[in-house]
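Peer 1: So that we are looking at the same thing, I have put the structure below in structure tokens.
Read-outs throughout are calculated quantities, based only on the coordinates presented, and are distinct from any laboratory measurement. This structure is a prediction, so every number in the text was calculated from the model and none was measured. Note that each Cβ is placed from the backbone with ideal geometry, even for glycine, and that neighbours are counted across all protein chains shown.
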């Protein structure tokens, strides 16, 4: 007690000291979570694999016994033992070989299924995730999560069974054999070898940090290569090869340094265990030499024991390297669960109801939205897109046009205000029913690497071949589809590369026709087309918009002259509303855009 009568305060804990149990607890929590989420369902295969491991361990531990018996029998010139020993060796070898094969098959069945399940779960989560979360990384970086990251997890799981369990049990069995052969020599070995655990543990912790950074840098490198080769035309046109080569050199060098650090950390394990093993062997040789010289031991006894020790050295080295592999797996597992734990904010409310609206009025009421705290996109936006009419939304780049479109199908939720369709607040509707009543056609056409028919059928899964063909005819796509080898079964190619830009746009239109949604969003649907394709697509769009509530984004004002209403956005606010003629006559922002476009034509 101090003079004040209070107990002294405990010594402050350093961040490093406090982090140790926290990190260890986090590792165990992740391991338990992995077991519960993905591994537990394969426990039968794992149990059978462990039985096979037990046979491997026992059969391996019999080798030193056979060696000891062989030397003793040879010394005694026992004919029965000499004739029996080869058969025993064959039996032990056969049991060990068969058990090893069975264990490998069962382990790989379980581990590869765990990897596939993790990939599927990650994919499903990302498909359902908020756009904010999906856009946080590049497609190449996400691809790296599915490949490299989960490969680390799979390797760690495989090695845990193959090394920690199999080699661990083998070492235990060999140690039992060593104790049975000579407990005094075993005591010397057991005293020296555990000293390797301390530096190995320290190396593992450092390696985990390096592994996490390596995985992140691998994702960045993948993004760089995809970005480069996806823009090959721009790269060559602007002579960007030297610039990109320099960027790539820096990225590759950064990754090389991280991998070098990783390999150096791993490379310290084998020399460390080798050196400690040498200390153990030297101590045993000194002790055995003294015993043999004093007549307390024989060469046969020493040979059997050294056989066990040398056989145990390989699994001991494997155990030393296991820490590095596990740390790489833990780093990847941390990244995996960090994605899964990202909350989904755009979701169905508990009391969400199915949407029942048709081609009704879309209304924004005082809507605010920001992609980030520093970048507000909409401020108090209020307007009404009347039922069955076409409403155009125009404005400068960054005015908030695309944000308006993103909010209608609830790709994001507004931070203030509300959006209604037919008087129903869309925030209270189920996402599935809301989105099945909205079709969107944009300049960035999405065509999947499947058949043309399958791409159109995405508008309404389960549609018949006749319905698909009817939708294609409405979109002006039927004729060129039938000219393609295979017709509707023709492959579209990656990103629809087997078809021209205008043809891809008409395939996307056919998808919208097939969906037959009452609310239609057209986002610059003809901006990237040549004059002939634009006229064909415009005619199809007019047919598609008939009888629907249609909202159109367009930079070229000539494409929206016929709209019943035009909303002019400026810096995230509604600046003007009216028809084309009325807005031109008012002399405001729309009139300015109109004069500029007339001057440029």
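Peer 1: Quote to one decimal, in nm, the extra length available between residue 353 and residue 458 on full extension: 0.36 nm per residue of separation minus the C-alpha distance between them.
Peer 2: 35.4 nm
Peer 1: For residue 489 and residue 338 in the same chain, what is the full-extension length gain: residue separation times 0.36 nm, less their Cα-Cα distance, in nm?
Peer 2: 50.3 nm
Peer 1: What FRET efficiency do you get for residue 564 and residue 35 if R0 is 51 Å and r is their Cβ-Cβ distance, rounded to the nearest 0.05?
Peer 2: With a Förster radius of 51 Å, E is 0.25.
Peer 1: Pop the C-beta distance of residue 372 and residue 131 into the FRET formula with R0 = 22 Å and round what comes out to the nearest 0.05. Spell out each step's value before the answer.
Peer 2: Working: r = 13 Å, r/R0 = 0.59.
Once the sixth-power term is evaluated, E becomes 0.95.
Peer 1: Could you check the spin-label model distance between residue 585 and residue 176? Points 7 Å from the Cα along Cα→Cβ, value in nm.
Peer 2: Once both label points are built, they end up 9.9 nm from each other.
Peer 1: First measure r as the distance between the Cβ atoms of residue 556 and residue 592, then evaluate 1/(1 + (r/R0)^6) with R0 = 25 Å and state the FRET efficiency to the nearest 0.05.
Peer 2: With a Förster radius of 25 Å, E is 0.95.
Peer 1: Okay, moving on. From the Cα gyration tensor of the stretch 362-600, with a ≥ b ≥ c the square roots of its eigenvalues, which class applies: rounded if a/c is under 1.5, or else prolate if a/b is larger than b/c, or else oblate?
Peer 2: In terms of gyration-tensor shape, prolate.
Peer 1: Stick to Cα atoms and the Kirkwood definition of Rh, then tell me Rg/Rh for the stretch 556-601.
Peer 2: Numbers: Rg = 10.1 Å, Rh = 10.8 Å.
With Rg and the Kirkwood Rh in hand, the quotient comes to 0.94.
Peer 1: How would you rank 225, 550, 451, going from fewest to most other Cβ atoms within 10 Å of each one's own Cβ?
Peer 2: Numbers: 225 13, 550 26, 451 16.
Starting with the residue having the fewest Cβ neighbours, the order is 225, 451, 550.
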